[in-house]
1. Give me the orientation-averaged projected area of the Cα convex hull of the stretch 129-252, in nm², one decimal.
2. Of 29, 89, 222, which is farthest on the positive side of the dipole of the chain, counting Cα position, with +1 on Lys and Arg Cβ, -1 on Asp and Glu Cβ, and the Cα centre as origin?
3. Cα centroids of the stretch 36-66 and the stretch 220-235: how far apart, whole angstrom?
4. Starting at 0 and stepping by 10 Å, how many percent of the alpha carbon pairs of the chain end up in each bin?
5. Give the calculated FRET efficiency between residue 130 and residue 107 to the nearest 0.05, with a Förster radius of 41 Å applied to their Cβ-Cβ distance.
6. Could you list 44, 161, 168 in order of exposure, starting from the residue whose Cβ has the fewest other Cβ atoms within 10 Å?
7. Per the chain: cysteines with no other Cys C-beta under 4.7 angstrom?
8. Among the listed pairs 135/187; 66/135; 67/199; 125/215; 60/215, which have their C-alpha atoms separated by more than 24 angstrom in this model?
Amino acid sequence: MKYFQIIILLILLNSEVLFSRDSAYPLENGVRHMGVFQPRMYGMNNNIELSTHPFLFLVKPNIQLKKFHGEINGYGLASRYSFNYPTPLLKLLQRDGIGGLLANDPDIGKVPHLFVFQSECLITKEFSNYTLTGKFGMSICPGCDLDSRHLIDYDLVYHRMALYHYGMGANMGFDIDYIHSKKIIMKADVDMFIIPQEKMFLEHKFLLSYNLTTKYILSVGYKYSYGYYPFNIEEGLWNMFPLLDISWQWSR
């Protein structure tokens, strides 16, 4: 039951946590991509990629823009910017009974307005059958003062919500995408998250994607996490979660 809650929370808090597409190169103009758990991505003019999760937008307004700036010595460079407003979602979770994951206690108070901005740099090097991508980003939540008692101390969830309490954080990571054949693509990554007054959090993901048709893609894999949480502050805790998704891609 806990695994199910964690995955639902991750999808709600950040729809790209489980199935991120980290590459400096954007989708081609006119190409669209979407999954059951993934946001909808739009390839646009001027090397711009826009993405949002349309179903979650009603409870958590979100948008992300990636701009490809060109190549330098064979390395593709891009910047990525995102905005999230998680307050409506957190208010839905702050209640008694089923679905209530945040304390509904007058002594703790209500969830404040939280505006989260993130900026990232991406560098990608393409080879004949694989690509390497490095990234570095900063996140800020101006004026955020979410009570620490509202932070959900689940694996993968805690440090993402801690941003709402501390107001800032940083992330860096490394990705490798291997094209085994026209139908099989494998992806592995390592991500580190740095939050003020917290120890570093580490995540690793592996995905195997199989092209069922020219349009539909099946992805399976796992997500590994390691970090220090309030319930286990003396020792690091690791955990692993299964991943499964179906996505589809088309041109307008």
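1. Its average projected convex-hull area is 9.7 nm².
2. Farthest towards the positive end: 29.
3. If you average the Cα positions of each part, the centres end up 28 Å apart.
4. 7, 29, 38, 19, 6, 1
5. 0.15
6. Values: 44 17, 161 22, 168 14.
Lowest to highest Cβ neighbour count: 168, 44, 161.
7. Flagged as lacking a Cys partner: 121.
8. Among 135/187; 66/135; 67/199; 125/215; 60/215, the Cα-Cα distance tops 24 Å for 67/199; 125/215; 60/215.
Rule-based calculations on the coordinates, nothing more; no lab input. Note that this is a predicted model, so its numbers are computed, not measured. Backbone-built Cβ (ideal geometry, glycine too); neighbour counts: all protein chains shown.
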